[in-house]
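One structure below.
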Amino acid sequence: DPLRRMVVAGNLEACGFLVDEAGSGAEAREVWESGRIDAAIVDIGLPDCRGDQLAAELRMAMPHLPIILATGYDEKTVAPGFAGTGFSRVLAKPYDDTALLEALEALGVVAGQLRTLPRQTGIGERAV
């Protein structure tokens, strides 16, 4: 959802984050391949691929990249083996800014250090 993505990106920028938005898996890959990604917020419901598959690609390419997977599905169903690592979190939708900021903080991502975030609905803000 472009409007939701814009709102989340704006809120993150207001907190001091630099954000790149991506509205699809293809756009996210372009941001990621640019080498400007410090963390990723990936929505499970991307229009051209499943967000958990994109997150798995990111994880393979960058094992220590902080990744948040936003989903309305049960964490155990969607992301077995994804959540619970030191570099990943599953964020249940709907979520608010506080929950998102807490998830980023839990992954060690702080404003001023983040260049890009990936995602489509929920977050994908000037992100991959």
| remark: Checked the stretch 1-10 for anything buried (at least 17 other Cβ atoms within 10 Å of the Cβ) and of a type in the set (Val, Ile, Thr); matches are Val8
| Does the stretch 75-82 contain any residue that is assigned to a loop (DSSP other than H, G, I, E, B), touching a Lys or Arg at 6+ places or on another chain (Cβ under 7 Å) and modelled with pLDDT under 90? | no
| task | Collect the residues in the stretch 11-55 that are assigned to a helix (DSSP H, G or I), touching a residue at least 40 places away in the same chain (Cβ under 8 Å) and open to solvent by less than 10 Å² (accessible area, probe 1.4 Å), keeping them in residue-number order. | result | Leu12, Ala28, Gly51, Leu54
| said: When you check Ala61 against the structure, is it over 22 Å from Asp97 (Cα atoms) and either under 14 Å from the mean Cα position of the chain (by Cα) or of a type in the set (Phe, Trp, Tyr) (or both), yes or no? | reply: no
| query | So Val8 fits all but one of (1) over 17 Å from Leu100 (Cβ atoms); (2) touching a residue at least 40 places away in the same chain (Cβ under 8 Å); (3) of a type in the set (A, V, I, L, M); what number is the exception? | reply | (1)
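The values are calculated or read from the model by the stated rules, or taken from the named source; none is laboratory data. No experiment lies behind these values; they were computed from the predicted model shown. Don't worry about glycine lacking a Cβ; one is built from the backbone with ideal geometry, like all the others, and counts go over all protein chains shown. Note: accessible area is taken over every heavy atom of the protein model, side chains too, but ligands, DNA and RNA are not part of it. Shrake-Rupley method; radii C 1.70, N 1.55, O 1.52, S 1.80 Å.
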